[in-house]
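Novice: Can you read through this structure? Questions will come right after.
The values are calculated or read from the model by the stated rules, or taken from the named source; none is laboratory data. Predicted model, so just to flag it, every value in this text is computed and none were measured. All Cβ positions, glycine included, derive from the backbone under ideal geometry; neighbour counts span all protein chains shown. Ligands, DNA and RNA are stripped out before the accessible areas are found, and what is left, the full protein with its side chains, is counted by its heavy atoms. Shrake-Rupley method; radii C 1.70, N 1.55, O 1.52, S 1.80 Å.
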Amino acid sequence: MHATRSRLPLLLLLGPFLLAFAVFYVAPIVWAVVQSLFSVRASGLGLGAPETLFVGLDNYVRALANPAFVSSLGRIAVFALIQVPLMVVLSAVLALLLESTRARWPQFFRVAFFMPYGVPGVIASLLWSFLYVPSTSPILQGLSALGISAAPLESGTVMFAIANIGIWTFAGYNMLVLIAALQAVPADLYEAARIDGASEWRIVWEIKLPLLRPSLVLTTVFTIIGTLQLFVEPLVLRPLTTAINTDYTPNLAAYNQAFTQSNPNLAAAMAVIVAVIAFVFSFVFLRLVNRKGNRAW
């Protein structure tokens, strides 16, 4: 009886979170998995009412047999190789610069770099689209006046244009995570290193970066997951270029199947595949990082 009473405050505190977690996170995942195992098919030579049939893994086979969807998976893998390193390195550089002893107006620049994170993804994509179209971009017009031709939305550069939007939006957020980790380090540790004659570069390389390792791993995992979920930026930019089709990313392919092709069951299978790939990539990355960390120790 006493144990039950002692757990009651804990249950009252965790109850709202657990309820929201179950309703808004667990339930949609379970529903997507269930939907992916069924298919709606016409009956009676197409004249009868549609029937919902259990098809098992048939939707997954169809998704992986779809060349456009498979190409989108390869495309997003290449995109991750571009965006993830750039995002993590830039966020770390900004955090280290703003936490250095020579930084001026650090609070101003923290707010300035973080502000794009408060801009919704659709608005950010619209803002950058004006800078990517020659007729509305003062930057491209200025380069053209100098004899420099630039077309960010062509097939060879559109991936970098999308990556630029993602980095502009989320680098400031990752920077603040790393700054918080740096501020948690006792200042006496830096002072002791300086008294021993360590330069600022040596302090960064041998003290700050090793202590930032857990936060760098965290931001990298978040960036991997966010990259594989790429959707808003290519959706907004698609009307402006022929380099982005309806199956440019896996999420766009699932969106196309659900709302254009009226096949939500196949779309659910595609979404589950993307979620599994994100989990596998994150898990493999964490295992590799932890293995290297254990060897270092």
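Novice: Restricting to segment 134-165, name every residue that is assigned to a loop (DSSP other than H, G, I, E, B), touching a helix residue (DSSP H, G or I) at 6+ places or on another chain (Cβ under 6 Å) and surrounded by 13 or more Cβ atoms within 10 Å (Cβ to Cβ).
Specialist: Within segment 134-165, PRO134, SER137, ALA150, PRO152, LEU153 meet the criteria.
Novice: Kindly evaluate GLU191 against the criterion of being touching a helix residue (DSSP H, G or I) at 6+ places or on another chain (Cβ under 9 Å), modelled with pLDDT under 85 and open to solvent by 50 Å² or more (accessible area, probe 1.4 Å).
Specialist: no
Novice: Could you say whether any residue in segment 91-100 is assigned to a loop (DSSP other than H, G, I, E, B), among the small types (Gly, Ala, Ser) and either open to solvent by 70 Å² or more (accessible area, probe 1.4 Å) or in contact (Cβ under 8 Å) with a residue 40 or more places away in the chain (or both)?
Specialist: The answer is yes, given that some residue of segment 91-100 is assigned to a loop (DSSP other than H, G, I, E, B), among the small types (Gly, Ala, Ser) and either open to solvent by 70 Å² or more (accessible area, probe 1.4 Å) or in contact (Cβ under 8 Å) with a residue 40 or more places away in the chain (or both).
Novice: Additional query: Residues that are in contact with a Ser or Thr (Cβ under 8 Å, 6 or more places away or on another chain): find the helices (runs of 4 or more DSSP H) completely inside segment 179-237 holding 3 or more of those.
Specialist: Here the list reads 209-228, 232-237.
Novice: Please go through segment 219-240 and pick out each residue that is over 14 Å from the mean Cα position of the chain (by Cα) and either open to solvent by 20 Å² or more (accessible area, probe 1.4 Å) or on the phi > 0 side of the Ramachandran plot (or both). Give the steps one after another, and end with the answer.
Specialist: Within segment 219-240, the subset over 14 Å from the mean Cα position of the chain (by Cα) is 235-240.
Scanning segment 219-240 gives LEU235, VAL236, ARG238, PRO239, LEU240.
Novice: Are there any pairs with C-beta distances below 6 angstrom linking a residue in segment 52-63 that is touching a residue at least 12 places away in the same chain (Cβ under 8 Å) and of a type in the set (Ser, Thr, Tyr) to a residue that is open to solvent by less than 30 Å² (accessible area, probe 1.4 Å) and outside any strand (DSSP E or B), with the two at least 6 apart or on different chains, and if so which?
Specialist: Pairs that qualify, where the first residue is touching a residue at least 12 places away in the same chain (Cβ under 8 Å) and of a type in the set (Ser, Thr, Tyr) and the partner is open to solvent by less than 30 Å² (accessible area, probe 1.4 Å) and outside any strand (DSSP E or B), are TYR60/ALA269.
Novice: Something else now. Are any of the residues in segment 192-202 touching a residue at least 40 places away in the same chain (Cβ under 8 Å) and within 26 Å of THR101 (Cα to Cα)?
Specialist: Checked against the condition, which is being touching a residue at least 40 places away in the same chain (Cβ under 8 Å) and within 26 Å of THR101 (Cα to Cα), segment 192-202 yields at least one hit.
Novice: Among the residues of segment 262-288, what is the count of those that are surrounded by fewer than 18 Cβ atoms within 10 Å (Cβ to Cβ), part of a helix (DSSP H, G or I) and without any contact (Cβ under 8 Å) to a residue 40 or more places away in the chain?
Specialist: 7
Novice: Now a separate question. With touching a helix residue (DSSP H, G or I) at 6+ places or on another chain (Cβ under 6 Å), more than 23 Å from THR220 (Cβ to Cβ) and not aromatic (Phe, Trp, Tyr) as the only criterion, which of PRO120, PRO106 stands out?
Specialist: PRO106
Novice: Of all residues being among the β-branched types (Val, Ile, Thr) and within 18 Å of ALA124 (Cβ to Cβ) in segment 154-182, which is farthest from the chain's Cα centre (by Cα)? Just the residue, please.
Specialist: Checked segment 154-182; the qualifying residue farthest from the chain's Cα centre (by Cα) is VAL158.
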